[in-house]
1. So for each of 26-33, 13-20 I average, over its residues, the number of other beta carbons within 10 Å; can you give me the resulting order with the highest mean first?
2. Take every Cα-Cα pair in segment 2-113 and report what % of them are more than 20 Å apart.
3. Report, in deg cm²/dmol and to the nearest 500, the calculated mean residue ellipticity at 222 nm for the chain, where each DSSP H run with n ≥ 4 adds -39500 (n - 2.57) and the sum is divided by the residue count.
Amino acid sequence: MLRLIKRRLAIRSYVWKLSQELSRRFGKMKFYSVNQVMQAAERGHFSMAFIAYAHAIFCARGDFDAHYSTLGVNCTYDGLRAVVSRRYFGGVADFDAARVIAATRREGVIGEFEESGEGTHAS
């Protein structure tokens, strides 16, 4: 349960804060490289435990797959983006980094979707 809460908080910080950090450091882009996301996350002191979610949010599929295929981890681009899309985009998974950046500049609302409670576990 604690891990789920930490994951949720990490993803939230990636969406709301890392998106703005990437924009400040590298300009607003449709996709960032894995190295750019890592650099911004490390310098901004973001949680690295769930960084694969940040890569899935802000990187292109090819960059994500190239990076993670060599690590032999059990995560997929589509699987990670599905978690994010359910919570922040009403299930629409074809978002890109530029859309996240633009949407998070308006407090509390991403596009036409408010942050949902989907995927959370009630205690």
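No lab work stands behind these numbers, since they all come straight from the coordinates. These figures come from a predicted structure and were not determined experimentally. Using ideal geometry, Cβ is built from the backbone for each residue, glycine included, and neighbour counts are taken over all protein chains shown.
1. Numbers: 26-33: 15.2, 13-20: 21.5.
So the peptides 26-33, 13-20, ranked by packing, come out 13-20, 26-33.
2. Numbers: 2079 of 6216 pairs.
When every Cα pair of segment 2-113 is considered, 33 percent fall beyond 20 Å.
3. On the way: 7 runs with 67 residues, N = 123.
Rounded to the nearest 500, the figure is -15500 deg cm²/dmol.
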